[in-house]
1. Need the list of aspartates and glutamates near B:Lys220 for cross-linking: C-alpha distance under 20 angstrom, and skip anything on the same chain fewer than eight residues off.
2. Rounded, prolate or oblate, given the Cα gyration tensor of the stretch B:419-482, with a/c below 1.5 counting as rounded?
3. Report, in degrees rounded to the nearest 10, the 0 to 90 angle that the Cα long axis of helix B:390-405 makes with the longest principal axis of chain B.
4. Give me the lysines in straight-line cross-link reach of A:Lys190: C-alpha distance below 17 Å, same-chain residues under 8 apart excluded.
5. What's the center-to-center distance, using Cα atoms, between the stretch A:174-215 and the stretch A:119-161 in Å?
6. If neighbour count is taken as other Cβ atoms inside 10 Å, put B:Ser148, B:Ser189, B:Ser276 in order from fewest to most.
7. At 7 Å along the Cα-to-beta-carbon direction for both A:Tyr223 and A:Tyr157, put a label point, then send me their distance in nm to one decimal.
8. Using a Förster distance of 35 Å, how high is the FRET efficiency between B:Gln343 and B:Val144, based on the Cβ-Cβ distance and rounded to 0.05?
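What follows draws every value from the coordinates through simple rules; no lab data is involved. Just so it is clear, the model here is predicted, and its values are computed rather than measured. All Cβ positions, even for glycine, are placed from backbone atoms using ideal geometry, and neighbour counts span all protein chains on display.
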Amino acid sequence: MKKYLGTKILVYILTFVFAVTLDWLIPRFMPGNPILVLVSRFSGLPESARVMYSYLTKAFGLDQPLWSQYVNFWIALFKGDLGISIYLYPRPVLEVLKMAIPYSLGLMIPSILLSWIVGNNLGAIAARRKRLDSIMLPIMYFITGAPYLWLGMLLAYFLGVVWDIFPIAGAYSFSLRPHLSWLFVGDFLKHWILPFLSLFIVQIGGWAIGMRNMVIYELENNYVRYLETLGVKRKLIRKYAFRNAILPQVTGLALQLGTVIAGQVTTEVVFSYPGIGYILTQGILNQDYFLIQGCFLFIIIGVLIANFTVDLVYMALDPRIRFSYGGEV
Amino acid sequence: MKKVFIFALVLLIFSSMFAADVVYKRDETLYAGGGMWAPPSNWSPITPWNAVTGTVGLLYETLFNYDPLTDTLIPWLAESGKWTSNKTYEIKLRKGMTWHDGHPLTSKDVKFTYELAKQIPEIYYSPVWNWLAKIDTPDDYTVVFTFSSPRYHEWSYDLYQNPILPEHIWAKKSKDDVLTGANEKAIGSGAYLFETYGTDRMIYLRNDNWWGNKVFGQPKPKRIVYLTVSSNNVALGMIMKGELDCSNFFLPGIPTLKKTYTDIHTWFDKEPYMLSDNTAYLFFNTTIKPLNDPNLRRALAYAIDPTIIAKNVYEGQVLPSNNVGFLPIKGWMKFYPENAVKQYGFKYDPKTARSLLDKAGYKDVNKDGYREAPDGSKFKIEISVPYGWTDWMESAKIIAAQFVQVGINAEAKFPDYSKYNDDLISGKFSAAISNSGSQMTISPWTSFNWLFNSPISENMYNGNFGKYNNQKLFDLVTQLNSTPMDDTAANKKVIEQIAEIFLKDMPAIPLWYNGMWFEASTQVWKGWPSEKTPYAYPTTWGGRWQTGGVMMLIGLKQ
């Protein structure tokens, strides 16, 4: 057991170093030059643009050879310094993330968890009832195939503009200053509900279909047949089938949660919701090396932690794994 | 324990309900958008290109404002300013002006602002010291600038472009802080104060002690909430709901929406709806074959029909440009080179384009449907436009198709913005559309200085992207800059010469005028400037408030 965990941790550390190196490298392979992008936003006189270009290149350390930029990057990383954003100059990357990530998490985590729970249950129910299944399956396929953008726009147009029930932009009213009161909390929720719904609805479909297929597959399995011939109650059989079917769904959930830091670009754009997804996209378009690095660093950490958790959870959920690695078989 | 908790909660709710200004009253607040595309992160007038819109104009102020509608420099911090000799410009400051913290604003601040760029040559306006010799302040309200080689046009531009900094704050900052500080809670002299900001908004509070209240009147909105809106749909929805009072976005569909939503206000009630603000040019890379041939470039100018673009892509929200890209504003048109245009001008005429191409030796020798260069080699023109700029993408496609019609192989190309920008600056393109330096200013010199920027170097940071090399033209642009602004005849003479070379050699083709996009809602605020009441140029873009935005705030009605 200890040896197993030891090797796993070593592998994770190596993966981390490798992934972070790629994270550093890939943005620098993009064609274009971030400082030129920054300077191009300045619509002043050409003479001034020249002055700024040479200053900024030096300020961001981009005039140094690549290997020394790489070494500096690791040194800074160990000090907890992710650098300064070029796109949101001169704000430190860490501050940008701190400002935007809470909004993304507030949308993504509830929508992923709730859609996972609701979707799995719907799927499991549908798998057992033929008639319900024949109605629900096409609906679920339709929902899961619906682009976030399209669904978001429909929601915003009908619930936001035509019936005017919900606001269509921002995380809270533009007429409010954040403070602790029912007014503010209510207002925040009112702004939250549409983007949440658009994410929740689309994700439900995927989980439900996955669960339905898994349960049907499990119900056809030999152990179920065996139990049936033994005359075991349907309820107990279902319980076992569900437990087996849930395993791949847990992996899916963990991976989804791991990438949660990346936010949901389309949802944020459609509802003008201030999360990290939009900022990351803009960072990529503006070739903001430091912001891209920073965001992906958290995604890497998220995915690794999620994978590690899955490893642990599997041991608890699936006795086969526990016994095989424990050498008890 | 539970009781204490409930009590605390109730207390909290009550206290926050009575806390000052957590809810902004609708009729005191102006919601604006279109000039902020990223979370607010910078309020430094030293890095104005990246600062939140309003940093210059609302927080910091310039010596003059400029009104393009009447072509006048409006004395702002300055009470008056004049050239007292060829080489000296004297400014009298207004008396009794203060910074937001109550410190008086004097000539020392003006001197400090400019001299800071001498101490720290990394500041963007430091090149002024190549032609400015010294600054004297005989008293607290007089500033005398003495120039070594005066650049009259550039100086007029600087007068309303460079914000004045408070010496008592900025003198204490370290060099790094000056250059890279975010300058949160900025202390300026302007009509609005820095109140607070969020990820998607910037909030300005009116400065009730503003010195200008007595001079210009008080701006009407108590608060300005400036929003980042990440998509056109949201902006349109907010305008329809009356949640966005003033927007400077380009929004497709406004001409149609205006018919049903009568409270959407634009400058003109009918086409073109918008004022013209900057000119889109098609640059040619003049260093590659066969685009280095002026005959080819001139022939192509005859092949483009910008009217189609204005009608189909912009639904009539823009106007086609004139031959020299002069914006239809007083300050430029008074110098319009009509003789050069009459003699060397061009107009959409595919027949002429074809015959010019034939004459210059561009013929389809191998019968593949496209003309070859005079030396018999095949060529293709790729028109680069940033991906995602949908209006420009459509326009580039139309232009490519128009080139094909006269037998030139052409194609529109859409690299990502950063790639497009890199190609443009380093000259790795064949043709590209750009407007990065053609915006409305006090003098067409800024446009020429951008179009024909010199010297030619490996990277052309802003302007002359096609690396068109013509020393005679460069000298003329310099000569224009050093011709006093009020000598219209002398300026016009130089501009005629510039225009002649421009039209003969056609290193870039002016296409259409992008609009000063402006869609206001009359649901809460009224009295917006328009064609009938042209009291202010309706802009809230970054670095542009001093060309009309602030005057608009003063002129609004409830």
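1. B:Asp21, B:Asp27, B:Glu28, B:Glu61, B:Asp67, B:Glu195, B:Asp208, B:Glu243, B:Asp245, B:Asp263, B:Glu519
2. Taking the square roots of the gyration eigenvalues as a ≥ b ≥ c, the stretch B:419-482 is oblate.
3. The answer is roughly 10 degrees.
4. B:Lys241
5. Each part reduced to its Cα centre gives a spacing of 15 Å.
6. Ordered from fewest to most neighbouring Cβ atoms within 10 Å, B:Ser148, B:Ser189, B:Ser276 come out as B:Ser148, B:Ser276, B:Ser189.
7. Once both label points are built, they end up 4.9 nm from each other.
8. 0.20
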